[in-house]
Amino acid sequence: MSLIVQKYGGSSLADAKKIKNVAYRVAATSDAGNRVVVVVSAMGDTTDELVELAYSLTDQPPAREFDILLSTGEIVSSTLLAMTLEAMGYAAISLSGAQAGIKTDSAYSRARILGVNPKRIEKELDKDRIVIVAGFQGVTEDMDTTTLGRGGSDTTAVALAAGLKAEACHIYTDVEGIYTADPHLVTGAQSLAEIGYEEMLELATYGAKVMHPRAVELGELFNIPILVASSFKNSPGTLIHGGVSMEVRNKVSGIAHDLNVAKITVVGVPDRPGIASSIFEPLAEAGISVDTIVQNASIKNITDLTFTVAKGDLSRAMEVIRPIAESIDALQCASDSKLGKVSVIGTGMLNTPGFAAKMFSTLSREGINIQLITTSEIRITCIIDEAKVGEAVHALHRAFELEQAK
Ligand code: ADP
Ligand code: ASP
Ligand code: MG
C-alpha cells in the first residue's frame, strides 16, 4: 500500500462545491488502494480577509495572536473536508499542524519547520483513516502556534512527505502545472513536463507563487519528487525533481515576475568600514528582509546605497533607516514603492554568454528602463517600473521563444 501526500490550495477549496470536488479526488486515491494524507490551505481568500480584519483593528497586531488568527483558516477547511469525506462513507480525521507533529522555530509569520513527529498521523493511518492536515502552520516547543509564511501549505506537504517517507507528494492547484510564465498573465505560456529543483527554487523565490520556495528547498534536501497538477482536470502536470534531462537543462525555463518591490536609497553615505553593517544590522533586527543591494563606486569617499524590500515592509524600513542615515551624516533617504521585478531563469544560462544582453536589449526595445540588476548563475533579474512588468514579461517570453518550450 502506497502512502500519498496530496495538497490542495485555497482556490481549489473556495466553496462547498469545490470542497466536494476535492473530497471525490481524495476518495478516488483512497479507493485505488493508497493510504492518503491530505494537506489543505484556507478556503479562497480567507487568509487575506483575516489579515485585513486584524489590520482594521490595529496597525501592529501582536505576532503571536496574528499567527493563531491566520492558522484558523486552514482549520476550517480541514474540518469541512473531513466532514465531507465522512458523509461520503470514508473514515477521515482532521488534524491541526500541532496535532500533526509539525514542529517549528518561533519566528512568527515566517516560521521554519524544524522537524515532523509523524506518530499521530501514523496512528490514524493505521486505523484506516484518511488524514486531513491543516497546512501553513506548526507549533513551537512552548506549544505556541506559528505560520510558515504566505503560501506555506506547500511546505507542510513536502515536510510531511519527507517525515512520513511517502511514495509521492502531489500539489494540486488552479493551473495545470508549472508554466513558462504565469499563465494568468501570458496566455501563450506552456506547461512544462519537468523542471529541476534549482530552477524551480529561483522561479518560486522571484515571484512564481505556484510553489512556496521553502517547499522546493525541502524537496531538494530530501530528494522528494513533487508533482504539481490541476485540482480540476486530469492532466499530467509538472514533475519537480533532481534528474532533469540534458535537453531541458540547456534551456531557459521561464520568466518570473513580482510586483511586491520597494526601493530605498540612502544618498551621500560616507564610504568607510562599518557603514553597511550599521544600516543592515538594525533592519535584520527589525525582521525586515532586504533583497537586492547596490552600492555605487564612491567619489571623494561619498557613495549612494540602494536596496529593495517588500512593499509591506517599506514604512517600517524607513522608520529604521531615517535615524541611522542622520547619525552617519548621509545627505538624504529616498524611497520608491512602485516597482516590480522581472526574472529570466534557466540552467541553460550557466556559463553561456548572451542571455543578459538579450534580456537588456529586449527591455530596451520596449522602452523599459532598468533601475537595478541582480543575477545568480541561472537567473537575471531586472527591477523596473511596476506598470511595465506585464509588458516586460510578454516581451521576454517572446524573445526567449518560450511559446515553443515543452
Ligand atoms: P494555491 O491556492 O493552489 O496554493 P496559488 O495561487 O498559491 O495556488 O498558486 C497558483 C498560481 O500561481 C496560479 O494561479 C498562477 O497564476 C500563479 N503562477 C505564477 N507563476 C506561475 C508559473 N510559472 N506556473 C504556474 N503558475 C504560476
Ligand atoms: N492560506 C495561506 C495563504 O494564503 C497558506 C497557503 O495558501 O498555502 O498564504
Ligand atoms: Mg499557494
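The values are calculated or read from the model by the stated rules, or taken from the named source; none is laboratory data. All figures in this text were calculated on a predicted structure; none of them were measured in a lab. Positions of Cβ are generated from backbone atoms using ideal geometry, with glycine treated the same way; all protein chains shown enter the neighbour counts. Only protein heavy atoms, including side chains, enter the accessible area calculation; ligands, DNA and RNA are left aside. Shrake-Rupley method; radii C 1.70, N 1.55, O 1.52, S 1.80 Å.
Sorted largest first, the spans of the alpha carbon positions of region 21-113 along the three principal axes are 49, 26, 14 Å. Solvent-accessible area assigned to carbon and sulfur over the chain amounts to 51 percent, based on a 1.4 Å probe. Summary of the geometry: region 149-224 and region 98-132, compared by the centres of their Cα atoms, lie 20 Å apart. What shape does the chain have by the C-alpha gyration tensor, where a ≥ b ≥ c are the square roots of the eigenvalues, rounded means a/c under 1.5, and otherwise prolate means a/b greater than b/c and oblate the rest? Cα axes put the chain in the oblate bin. Only lysines eight or more places from Lys127 in sequence, or on another chain, were considered; those with a Cα closer than 30 Å are Lys7, Lys17, Lys18, Lys20, Lys103, Lys119, Lys165.
Between the Cα long axis of helix 355-365 and the first principal axis of the chain there is an angle of about 70°, rounded to the nearest 10. The loop-placed trypsin sites (Lys or Arg not before Pro) in region 156-227, going by DSSP, that have at most 10 neighbouring Cβ atoms within 10 Å of their Cβ come out as Lys165. Normalised by the number of residues in region 180-283, the average gap of Cα pairs under 8 Å and 6 or more apart makes the relative contact order 30 percent.
Extension gain, Ile373-Ser235: 0.36 nm per intervening residue step, less the Cα-Cα distance, totals 46.0 nm.
Only beta bridges with both residues in the chain are counted; by DSSP, about 60 percent of them are antiparallel. Across the chain, the relative contact order, built from alpha-carbon pairs under 8 Å that are at least six residues apart, equals 14 percent. The sum of -39500 (n - 2.57) across all DSSP H runs of n ≥ 4, divided by the residue count of the chain, sets its helix-only mean residue ellipticity at 222 nm to -10500 deg cm²/dmol. May I ask for the angle, rounded to the nearest 10°, between helix 46-57 and the longest principal axis of the chain, with both axes built from Cα atoms and the value confined to 0 to 90°? So the inclination is approximately 60 degrees. A straight line joining the Cα centroids of region 263-300 and region 345-391 runs 24 Å. Under a 10 Å cutoff between Cα atoms, tell me which one of Thr303, Thr46, Thr292 has the largest fluctuation in the Gaussian network model of the chain. Between Thr303, Thr46, Thr292, it is Thr303 that shows the largest mean-square fluctuation. Taking a ≥ b ≥ c as the square roots of the Cα gyration tensor eigenvalues, region 271-406 comes out prolate, since a/c reaches at least 1.5 and a/b is larger than b/c.
What do you get for the angle between helix 153-163 and the principal long axis of the chain? Use alpha-carbon atoms, 0 to 90 degrees, nearest ten. Here the helix axis deviates by roughly 60 degrees. For region 309-398, the solvent-accessible area of protein heavy atoms averages 48 Å² per residue (probe radius 1.4 Å; ligands and nucleic acids excluded).
Per residue, region 1-128 exposes an accessible area of 49 Å² to a 1.4 Å probe, with every protein chain left in place.
Of the residues Ser41, Ser230, Ser153, the one that moves most in a GNM of the chain with alpha-carbon contacts below 10 Å is Ser230. Shape verdict for region 340-406, please, from the Cα gyration tensor: rounded (a/c under 1.5), prolate (a/b greater than b/c) or oblate. Verdict is oblate for region 340-406. Comparing Ile132, Ile383, Ile264 in a Gaussian network model of the chain, where Cα atoms under 10 Å apart are tied by springs, the biggest mean-square fluctuation is seen for Ile264. Protection proxy ranking for 368-378, 78-88, using the average of other Cβ atoms within 10 Å per residue and placing the highest first: 78-88, 368-378.
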